[in-house]
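Trainee: This is the structure I want to talk about, given as C-alpha cells.
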Amino acid sequence: MKLFISQNLIKVCSIIFLSLLVSSAHADGGNEGNQNSNMYKARSQSHANEKLVVKFYNKIFNERADVEETALRFMREDYIQHNAFVGTGRQSFIDGIGGFLASIPDTKFEIKRVITDGDLVVLLVHMHVPGDGQPGDAIFEILRVQDGKIAEHWDVQQSIPAFIPHDNGMF
C-alpha cells in the first residue's frame with residue numbers, strides 16, 4: 001500500500017512539474033495578450049537589427065556596393081555620426097565614405113564578433129589587406145537602429161601591434 005501511494009505521489013508531482021514547465025514556456029511564447037510578449041519582441045527586434053547592420057556593413061565595406069544607393073536604403077537621412085573625421089547626416093556619410101574606400105581598394109573588413117542589445121549593434125572588425133604581411137587594425141563599430149534604419153554610429157580604432165605580450169590575439 002505504501003509503495004502504491006509513493007508511486008502515485010511521484011506521478012502527481014511529475015504531472016504538476018511538467019504542467020508548470022509547459023505553462024512557463026507558453027508564457028514566453030510571445031502571445032499578443034501576454035505580459036511577457038515585450039521580452040519576446042525585444043529579442044526578435046534585436047535579431048532584425050543585427051541582420052540589418054551586418055548586411056549594410058558587408059555591402060558597403062566588403063562588397064563595395066554603390067555607397068549612395070546602399071546608404072539611402074539602410075540609413076536614416078538624419079543619421080548621427082560620432083566619428084571625428086566624418087560629418088553628421090546621411091549625405092556626409094555618402095560624401096566621405098566613397099573617397100575613403102577608394103583610397104584603400106584592397107582592404108577587407110572582417111567582422112569577428114557581433115554583440116546586439118535592442119537597438120544597438122556592436123561589431124568587432126579586423127581591417128586588413130590580405131597578404132600584405134601587416135596585422136591591420138581592430139575596430140569597434142557601434143550602430144544604433146531606429147525604425148528599421150541605421151540612425152547613429154560610434155567607432156574606436158586601434159592598430160594591431162606586431163608584438164602582443166600574450167597569445168590571446170586581438171579578436
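What follows draws every value from the coordinates through simple rules; no lab data is involved. What you are looking at is a predicted structure, and each value in this text was computed from that prediction instead of being measured. Backbone-built Cβ (ideal geometry, glycine too); neighbour counts: all protein chains shown.
Trainee: I need the phi-derived Karplus couplings for region 45-50: 6.51 cos²θ - 1.76 cosθ + 1.60, θ = phi - 60°, integer Hz, Gly and Pro marked x.
Mentor: Per residue, the Karplus-derived 3J(HN,Hα) values read 5, 4, 4, 5, 5, 4 Hz.
Trainee: Something else about it: Among SER159, SER103, which comes first, second and so on when ranked by fewest other beta-carbon atoms within 10 Å?
Mentor: Details: SER159 12, SER103 8.
Ordered from fewest to most neighbouring Cβ atoms within 10 Å, SER159, SER103 come out as SER103, SER159.
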